[in-house]
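Working notes, beginning with the structure itself.
The values are calculated or read from the model by the stated rules, or taken from the named source; none is laboratory data. In this text the structure is predicted, and so the values were computed from the model without any measurement. Every residue, glycine among them, receives a Cβ derived from its backbone with ideal geometry; neighbour counts consider all protein chains shown.
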Amino acid sequence: MENAGAQKCALILVKYQQLIVEAITYVVDTDIPINNQNYLPNFQRPQVPLSSIQELPQALINYVWRTQKFQVLDDATTEAKWVNYSYFTQQQPKSILCTPIINQGKLIGIIYLENNLTTGAFTSERLQLLEMITTQAAISLENAFMYETLEQKVEQRTQQLNQKNQRLTQTLEELKRTQTQLIQTEKMSSLGQLVAGVAHEINNPVNFIYGNLKYTQEYAQDLLNVIQVYQQNYPEPVDEVTNIIKEVELDFLVEDLPKLLTSMKVGTDRIKKIVKSLRNFSRLDESQVKNVDIHEGIDSTFMILQNNLKAKPNELEIKVVKNYGNLPKVRCYPGELNQVFMNMISNAVDALELIRNENNNCSPQITITTDREAEKFVIIRIADNGMGMSEAVQKRIFDPFYTTKEVGKGTGLGLAISYQIIVERHGGKLECISTPGKGTEFVISIPL
C-alpha cells in the first residue's frame, strides 16, 4: 500500500451479486483524520456490504463496478464530477485511485486507494506497479473463489451423504420394525387359529364326558346299593356267585369305584380349565380393544406353561407367587397382552434353568405383582430370582433379533414384540430391572 502511495486501502469483492468490503487498512498517522469509531486503525476485516460502510466513497466505487473502468483523481476536492458527493465534502481526500480487478473478462473485485496528504500521489510508475499487483491479485482471488466453491461443494456433498446415510439407517430400522410386526402378525394369527382349533376339538368330547359323568356316578351308586341289599338278604350266595365275588375283588371294587369316578370328574374339571385357558389365550388373533381382566390372562398363561413349571428329574419345581392387587378391567388388546405375558413368563422360566438343579441351594421362583399407580396406570411386575443380566445386555434387550440364547432356542423377537405391544400399541411403558446374580424384573405399565 505504501509503495502505491496510499494511506487508506480497501479490498471490495463481488459476492452474491453485491459489493462486500473484505478489508480496510490505514497507515496510522496523527495527521490523518479517522472519524469512524466502529473500526480500529491499521487493519480490519469488516466483511459487510459496501452500503453499510461510511469510510468509503460508495458512489465512486459503484461507478467502477458498473463501468469496469479505473478512476484516478489527482485532486478529488476539485473534481467536478465527484465534488458534490458527501464523502468528498466531509473527508476532503486528495488523491484517489479506484481500479477493478478483472480476470478473463470477469469482474472479481475492486481496489480502492486514497491519499489525504498530497495531490497527484498516484503517478504513472505507481499505476504500472498497481496494474501488476491487480493482475496477480485477480488470479489469486479467482483461485481462492474456486477453492472456496470446491470446499462448499464438498461440504454440501458430505451433508447430502450424511443425510442419505441417516435416511438409510431410518429405513433399515423401519424395515426391521415392519419385519418384526409381520412375523408377529403371522405367528400370532397361526398360533391363535391353532390354539382355538385345539381347544374346540378337545372341548366337544370333554363336555360329553363331563356331562355323562354325573349320570355314571348315579348309576354306579345305584348298582352298589343293589349289591349291598342283595348281600344283606342273601348272606350265603351260591358257589358260582362266591367265585365271581372273589375273582373281581368285590369289596375293593365297591370301595374304589366311587373314588375312580370322583377322580375322573376332577380330571375332566382340569381339562375344562385348560380348554378355557386355551380359548382365552386364543384371543391372540383378536384385533379389537376390549375391557378384560388382566389376572385372567396371567392365570391362563401359567395354566398353559404348567408343565414347564413342574419338577423334573434333576430339576426343582418353579414356585409361582401371585401378589394380585385389586385391579379394574383394563381396556386393551387382550390377545396381544397375553402374548406379552407368555414371552415374559417363558423368559423367566428359561432364566431359572441354571438354578433348578437339585444341588442348588436356591429355590427357583417367579413372582407376579399387580397394582394401580395413582389411578392412572396398571402396574404388572414379573420377577425371577435367576442369574440376572449385565448392563450391556440390558441396553440391547429390546432390540429386534437380539438374543443371548443358543442357536435354535431363541429368535430375539419375543421382547422386541412385547415392547412394541406395550409401548406402541397400548401407550404404556416396559422396563427391565436386573442385577447380575440377583435376578430380573420386568415392569409393565398400562394406562387406564
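Couple of notes before you dig in:
Yes/no per residue for (1) acidic (Asp, Glu); (2) under 30 Å from Asn203 (Cβ atoms):
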| site | (1), (2) |
| --- | --- |
| Asp222 | yes, yes |
| Glu236 | yes, no |
| Thr242 | no, no |
| Ile245 | no, no |
| Val248 | no, no |
| Asp251 | yes, no |
| Asp256 | yes, yes |
| Met264 | no, yes |
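- Odd one out for Lys395 among (1) over 14 Å from Ser434 (Cα atoms); (2) at pLDDT below 85: (1)
- One residue alone among Val349, Val340 is in contact with an Asp or Glu (Cβ under 9 Å, 6 or more places away or on another chain), assigned to a helix (DSSP H, G or I) and surrounded by 14 or more Cβ atoms within 10 Å (Cβ to Cβ), and that residue is Val349.
- Scanning the stretch 398-448 for residues being closer than 30 Å to Asn361 by Cα, modelled with pLDDT of 85 or more and of a type in the set (Lys, Arg) gives a total of 1.
- Among the residues making up the stretch 266-306, those that are small (Gly, Ala, Ser), surrounded by 15 or more Cβ atoms within 10 Å (Cβ to Cβ) and modelled with pLDDT under 80 are Ser277, Ser282.
- So Tyr85, is it at pLDDT 90 or above, surrounded by fewer than 17 Cβ atoms within 10 Å (Cβ to Cβ) and either over 55 Å from the mean Cα position of the chain (by Cα) or among the acidic types (Asp, Glu) (or both): no
- Close pairs from the stretch 112-128: first closer than 16 Å to Phe70 by Cβ, partner part of a helix (DSSP H, G or I), Cβ under 7 Å, at least 6 apart: Tyr112/Ile61
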